[in-house]
Amino acid sequence: MKTARRVKRPTLKQLAEAAGVSIGTASNILNNKSGLHSPETVERVLTAAHRLGYRPNRVARSLAARRTHTIGIVMEPQHAIFTRNHYATAVLDGVVEALAPRNYHLKIITLNDLDPRMLWTQLDDGTVDGLLLIVPLMGSPLLEYHQHTHLPCVVVGSTLPKSLGFYCVDSANEPMMRLLVNWLLEQGHRRIGFIKGPDNQWSTHQRLKAYLETMADWGVEAQPDWIAPSNYEYSGGFAAATQLLQVRPRLTAIVGSNDLLALGALDACAQHGVRVPRDLSVVGFDDMPMAALAKPPLTTIRNPIHDIGYAAADALLQQIETGTPMQGNCLMQGELMVRESAAPLHHRKS
């Protein structure tokens, strides 16, 4: 019985000879640097590559350059599954847009747990040139990153203390929440409830702080029972709003510190016979796609999540390609989206 004969792959040198160009010219054209050469030369190289069945040996190239041209994206196990997390998928959109024209690939690293004995080997295994950490939590072992690896890194969606040494790309959480609460106050509301996120997320504390300070700036002291604990999920918003609807005298507005919380609040109001916005205004934060489709459409802050992903990937590639670490924060502003779920207090009808 005859064994199949292994076909030897053509080399870059053979391709260059077939096209009548130098190895450097062939390499440039195959690596999307065709602008350095005439259209005729480009066509000759591409035709020869097609005829010979030439495919670049990316593994060999990576070993020679000490680069994989791949970045890793990492999310805490405590977050929702990556594909079910609207924030993570919007970030991913921006990351992919930034990577595609620069010939970098993306590896999603799924962490089942954060056991320090296995964590750092799993992250720094030689398959990636740098990492994006998506919303690392307070107290997470991931915050010890710089003690265990020298891989370039950018944090996305958490604004960490500068002492930890990370470069963070995030929403300007405090200014954006101030904008939202200030708008409600301008509409005549004073009894404004707040549904906060989970205590282990940095954004929870930043958004709560902005709410409390903005209320105080207007001479309004937010009462303890105006603030309901929650997670960042729809179910948490429903439960928290149900609690806030019992406050007496009644609240006139509720702020969900993300859109899922606000959407849960809208449904809690509907179940309890509370008319939005006639009896109560409800607002959110993020402007996720379903916010505009809610009944009534949700007033919210548009969070530039796609742009955050793009900027984070761009910053990571800059560190990889220059070898210069970055530190500090890049905070991106959003805008207020006024829709039908909130109304001025004095325009209400009985």
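The values are calculated or read from the model by the stated rules, or taken from the named source; none is laboratory data. The model shown is predicted, which means the values in this text are computed figures rather than measured ones. In this analysis, Cβ positions are derived from the backbone assuming ideal geometry, glycine residues included, and neighbour counts consider all displayed protein chains.
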| Out of all the residues in the stretch 205-224, is one or more part of a strand (DSSP E or B), out of contact with any Cys (no Cβ under 6 Å at 6 or more places or on another chain), within 13 Å of Leu180 (Cα to Cα) and of a type outside the set (A, V, I, L, M, F, W, C)? | no
| task | Considering each residue of the stretch 291-350, count those that are over 30 Å from Tyr167 (Cα atoms) and either of a type in the set (Gly, Ala, Ser) or exposed (fewer than 13 other Cβ atoms within 10 Å of the Cβ) (or both), and give that number. | result | 12
| message | I need a count of the residues in the stretch 293-350 that are in a loop (DSSP other than H, G, I, E, B) and among the small types (Gly, Ala, Ser). | response | 7
| request: Select, from Gly273, Gly256, Gly264, the only residue that is more than 17 Å from Ala343 (Cβ to Cβ), under 26 Å from the mean Cα position of the chain (by Cα) and not β-branched (Val, Ile, Thr). | output: Gly264
| task | Residues being at pLDDT 85 or above, of a type outside the set (Ser, Thr, Tyr) and assigned to a helix (DSSP H, G or I): count how many of those fall in the stretch 27-41. | result | 2
| field | In the stretch 110-128, residue surrounded by the most Cβ atoms within 10 Å (Cβ to Cβ) [restricted to those that are in contact with a Ser or Thr (Cβ under 9 Å, 6 or more places away or on another chain) and either not charged (D, E, K, R) or not assigned by TED's automatic domain parsing to the domain that holds Gly139 (or both)] | value | Val128
| Inside the stretch 150-171, can you point out the residues that are surrounded by 15 or more Cβ atoms within 10 Å (Cβ to Cβ) and farther than 22 Å from Leu92 by Cα? | Gly165
| the stretch 247-275: number of residues that are among the small types (Gly, Ala, Ser), farther than 21 Å from Leu185 by Cβ and crowded, with 16+ Cβ neighbours inside 10 Å | 2
| Within the stretch 136-159, tally of residues that are in a loop (DSSP other than H, G, I, E, B), touching a helix residue (DSSP H, G or I) at 6+ places or on another chain (Cβ under 7 Å) and touching a residue at least 60 places away in the same chain (Cβ under 8 Å) | 5
| Index of the failed condition, Val274 passing every other in (1) touching a Gly at 6+ places or on another chain (Cβ under 9 Å); (2) free of Cβ contacts under 8 Å to residues at least 60 places away in the same chain; (3) part of a loop (DSSP other than H, G, I, E, B) | (1)
| said: Of the residues Asn182, Asn231, only one is surrounded by fewer than 19 Cβ atoms within 10 Å (Cβ to Cβ) and either out of contact with any Cys (no Cβ under 7 Å at 6 or more places or on another chain) or part of a helix (DSSP H, G or I) (or both); which? | reply: Asn182
| said: Between Ala18, Ala60, which is more than 30 Å from Asp125 (Cα to Cα), among the hydrophobic types (A, V, I, L, M, F, W, C) and either part of a helix (DSSP H, G or I) or modelled with pLDDT of 85 or more (or both)? | reply: Ala18
| field | Residue tally, condition part of a loop (DSSP other than H, G, I, E, B) and either closer than 24 Å to Ile305 by Cβ or of a type outside the set (Val, Ile, Thr) (or both), over the stretch 247-271 | value | 6
| request: Could you give me the residue pairs with C-beta distances under 9 Å whose first residue belongs to the stretch 172-192 and is modelled with pLDDT of 95 or more, whose second residue is surrounded by fewer than 17 Cβ atoms within 10 Å (Cβ to Cβ) and among the polar types (S, T, N, Q) wherever it lies, and which are 6+ apart or on separate chains? | output: Ala172/Gln333; Pro175/Gln333; Met176/Gln333; Leu179/Gln333; Arg191/Gln223
